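To keep things clear, I will list the structure first and then write my remarks on it.
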Amino acid sequence: MINSTFLDKIAQVLIEKYSARLANTIVVLPNKRAKIFLIEALKKQVSNNILAPEIISIEDFIQDIAGARTVDPIELLFEFYEVYLSITDKSSQQSFELFANWAKTLLQDFNEIDRYLLDPTHVLSYLKDIEDIKKWGIEVENKTQLLEKYIDFWKLLPLYYQSLHAHLLQKGIGYQGLIYRESVENLNHFSNSITDKQFVFAGFNALNASEEKIIQHLISNDQAKIYWDADQIFLNDPYHDAGLFLRRFKESWKHYKTNPFEWIVDDFSQSKNIQIIGTPKSIGQAKISGSIIEKIIEENPTTSLDKVAIVLGEENLLVPLLYSLPSTVGALNITMGYSSKNNPAQILIAKLFKMHTNALSRNAKSYVFYYKDVLDILTHPLVEPYAKTTALVDIINKNNYTFISLHKLMELNANPTDLFLLLFQKWEEGSIAVLQTVSKLLLTIKGNLSNDNEEEKITKAFVFAIFKVINKLINYYSKHQHIDKIETLHAIYKQVIDLAEVSFEGEPLNGLQIMGVLESRVLDFDTVIVTSMNEGKFPAGKSQNSFIPYDVKRELGLPTFKEKDAIYTYHFYHLLQRAKNIYLLYNTESEGLDAGEKSRFITQLEVEKQQSHNLSHEIYNAVLPETAYSPMVIEKSPAVMERLKKIAEEGFSPSALTSYIRNPIQFYFQKILRIREVEEVEENIALNTLGTIIHETLKVLYEPFIGKFISESDIDNCFKLIDAEVLKQFKIVYKEGEIKKGRNLLAFEVAKRNVSNFLKMELESIKAGDAVKIIALEQRYERFLEHPDLPFRVKIGGEVDRIEERNGIIRIIDYKTGKVEKTSVSLKTWNGLTQELKNDKIIQVLAYAFMYEQQANGKQIEAGIISFKNLKSGFLPFQFKVDKDVQQIINQEIMTNYLEQIVLLLKEILDPEKSFEENI
């Protein structure tokens, strides 16, 4: 029989050499996942029923020897904190969140020290001596309290180690390294207790000192055999990192002085098609991976994808990849850890923590939420479809609720769902109560998701991963109740979520395999797609998550980034070893968060190209259109023409005409389709809101004077009413918005100042002898425009801010909150009036003059603007200038010329053959 994979060869050895004692044989593999594949390989070797050997992972094997359970990283942090508190002086004790920042790194070092069987007191004292040497130049009297504390920390490291070691062993638990050390301690006892057992170690590459000692001991006692998967290309090259560890073992193990090194194979040099594909961004790699799978299916529709693997060099690519796979992919098996940082359920819980901690810190009694925190929760994809809060979101936006009390929130949402109640339940009864609420919330969300929808099934896995973390925290908090502040809980949650991963369940032997790099160990595939082949991603690059310096690690024999790179190198080349079709994808971008050079592994493949390897290199770029953007063009359908006719009957406002000049498409959206902007909470008062408040205040102050001349005493009385009226208008326009602090308080003061300055200007003009009579305030005027060039008569209508009679002349005034200069209302030629947006203010004020002309009863009219940011210029009237002649009074000639230009504009708007074309 031809052995196509490493596990096939192991299965054959088990049947041929161990069949008589298969039930007493224990196969030890690098990971749990390979067990299923080995059982499948065994099935192929036999035609009758047999008792399968026991198959376990190296971690389970080590735990059996040590007689202790591996503690998970979250529990370990809590246990270490208990030890830390028990041996640290109360005045020096840190909060859990500060402690966790350095404890995770220290635990990593403890783990390495134990796995490599080093003397912890020697190593940790060494670190203290290094720190002492760094500070040796500082005189004793000059050492600060901070520096003393720093040195004390390094002195305490051996005590931390010994105390934690004793504490964990007493409970029968331990971190990985501690269990490795204990297993070596128990090795002789274990070896004597299993005289009837035979061990087969298979598929290993890098072994730590504990594993080496255990395996060599069992081999020397004739209780074990080990089978390597060493390709001669890597093993025989003294510089190739893929063979670094195997060369070391082959040369240093006593066993290999008299026994052959099994197995050395020649698979890598066989025929392979290797396609190296560069594409911009991570999403491009996901899309190309999907295209490759689609092509494989198209070329052979009956082919099974179980010999195809997509290995993700970066876990963030998982979700984009799932969306990029063709619908023809049937079964799918995901075996990789997916960080909870990117988990949608985690993002929701993080937002929930933010909302409640902010509410507590703001006002614990009235429990006041910030509107953005509330909307972040209500619009989250796991909440929005199920919480039935669309109306509540609209109310918050419409009424400018910047801060909302819990009581008010419940009042605004009269019929809350269970989900809503769990989201906004007060966090005031301690950490366990909070965690239980969050646990119920996640169960509720999980219940809302369907099992029939693939996307929702994946989301369920995300939700369940966070649910498990929360329940673990409940368990730990019940044992460690002294850590009970919500802020501390939030910090702990952020710490532990980094250690939590989403696990996906699938059928390992069926369908397309999606996995991480470590999950690919021992397995062989015909087609391999590897993503994120960039430096810093694959291999991962230098990371110094340790207190032990590099040179100390080298001296003590601890692994450095050199060894970690070699592990990655072996995994990479093992993936390629028996594969026939290989696709290596990398990001071509040199800048950005996920950028970097292409991996050195790609360069190595190119430089050390094997004779039978067919290597090709392609760059995929997105197909760019010849034009970046084509302006939108919308033809005038009969329905559009009907709507235009309706607008002509109801009235074109001056702002509608200038909207068309600004952008015909904007006019189309606003006037034809009647699309309005989405209402959002106006946290800081916008300019248009400020303008409305000033307009409305002036209207109320001047309303008593309509139809009469204004006196100095009238204006003096208005000054007394400014504060109250501006406040009242703020309440009307800005509704529930906060106006007593921050930028809004400044805007409130600006509104009062503007109104006051306007009244001062008015008072000065009256004192100077102006006779001012108010005719109308904020009043709508309309007038039909009929012309032979128009298909039908058109009403021009709009609201005029103020019409007054000043010294016998009718003055039409448009208030502007922004700054307007005199040039904005001056004109030299009528040609092209409606072609340029800079004339928008002239078009507006002359439209008002046209609308009011018939009510003027023959009196002279002038129309213009008062700019609140240019009040020193006073009234800015429309002026038509020809050489030195300036015409300010709007006579018949001006009105005729103006209307001719407006007719040209309306003719274009109402022309069925003239499409709406976007201005860009």
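None of the figures in this text is laboratory data; all of them are computed from the coordinates on show. All figures in this text were calculated on a predicted structure; none of them were measured in a lab. With ideal geometry, Cβ positions are generated from the backbone for all residues, glycine too; neighbour counts draw on all protein chains shown.
Sites listed here are GluC sites (Glu not before Pro) in the stretch 392-470 whose DSSP assignment is loop and whose Cβ has at most 11 other Cβ atoms within 10 Å: 429. Peptides 83-93, 616-626, 242-252 ordered by packing proxy, namely the average of other Cβ atoms within 10 Å per residue, highest first: 242-252, 83-93, 616-626. Here the residues 490, 787, ranked from fewest to most Cβ neighbours within 10 Å of their Cβ, fall in the order 787, 490. For the chain, the fraction of C-alpha pairs more than 44 angstrom apart is 54%.
Give the separation of the Cα centroids, the stretch 616-665 to the stretch 755-790, in Å. Between the Cα centre of the stretch 616-665 and that of the stretch 755-790, the gap is 36 Å. Backbone geometry of the stretch 164-175 corresponds, through the Karplus equation with coefficients 6.51, -1.76 and 1.60 at θ = phi - 60°, to 3J(HN,Hα) couplings of 5, 4, 5, 4, 5, 5, 4, 8, x, 10, x, 7 Hz, x marking Gly and Pro.
Using a cut-off of 19 Å between Cα atoms, the listed pairs 822/872; 699/720; 388/468; 354/426; 728/869 include 388/468; 728/869 as exceeding that distance. Here residue 828 is the anchor, and the lysines within straight C-alpha reach of less than 16 Å, apart from those fewer than 8 places off in the same chain, are 838, 841, 881, 884.
Across the options 108, 264, 318, the greatest Cα extent toward the positive end of the charge dipole of the chain (unit charges at beta carbon of Lys, Arg, Asp, Glu) belongs to 108. Here the dipole of the stretch 245-332 is about 460 debye; that uses its Cα centre as origin and unit charges on the Cβ of Lys and Arg (positive) and Asp and Glu (negative). Among the trypsin sites (Lys or Arg not before Pro) within the stretch 1-32, those in coil by DSSP and having at most 15 neighbouring Cβ atoms inside 10 Å are 32. From largest to smallest, the equivalent ellipsoid semi-axes obtained for the stretch 693-811 from the alpha-carbon gyration tensor read 31, 23, 11 Å. Each Cα pair of the stretch 341-502 feeds into the Kirkwood radius, which the Stokes-Einstein equation turns, at 10 °C and 1.306 mPa s, into a diffusion coefficient of 97 µm²/s. Among 426, 828, sorting on how many other beta-carbon atoms sit within 10 Å of each Cβ, with the fewest leading, yields 828, 426.
Tell me which GluC sites (Glu not before Pro) from the stretch 796-892 have a DSSP coil assignment and no more than 14 other beta carbons within 10 Å of their own. When the GluC sites (Glu not before Pro) of the stretch 796-892 are filtered for loop state and at most 14 Cβ neighbours within 10 Å, 821, 836 remain.
How compact is the stretch 47-193 by the rule of thumb for globular proteins, expressed as Cα Rg over 2.2 N^0.38 Å? Before the final figure, lay out the partial values.
Working: Rg = 19.7 Å, N = 147, 2.2 N^0.38 = 14.7 Å.
Compactness ratio reported: 1.34.
Helix 431-448 and the long axis of the chain differ in direction by around 80°, with both axes built from C-alpha atoms.
Cross-link reach is defined here as a Cα-Cα straight distance under 20 Å, omitting same-chain residues fewer than 8 places apart; for residue 537 the lysines meeting it are 281, 287, 341, 562, 564, 598. Remark: relative contact order (the chain) = 13 percent; criterion is Cα-Cα distance under 8 angstrom and separation of 6 or more residues. Distance from the alpha carbon centroid of the stretch 433-456 to that of the stretch 2-38 works out to 41 angstrom. Report the net charge of residues surrounding residue 268, where surrounding means a beta-carbon distance below 13 angstrom and charges are Lys +1, Arg +1, Asp -1, Glu -1. Local charge sum for residue 268: -3.
Counting only lysines at least 8 places from residue 17 when in the same chain, those with an alpha carbon closer than 22 Å to its own are 9, 35, 43, 44, 197, 225. Amide H to amide H, with H built 1.01 Å from N, residue 785 comes under 5 Å of 794, 795, 796, counting only residues 5 or more places away or on other chains.
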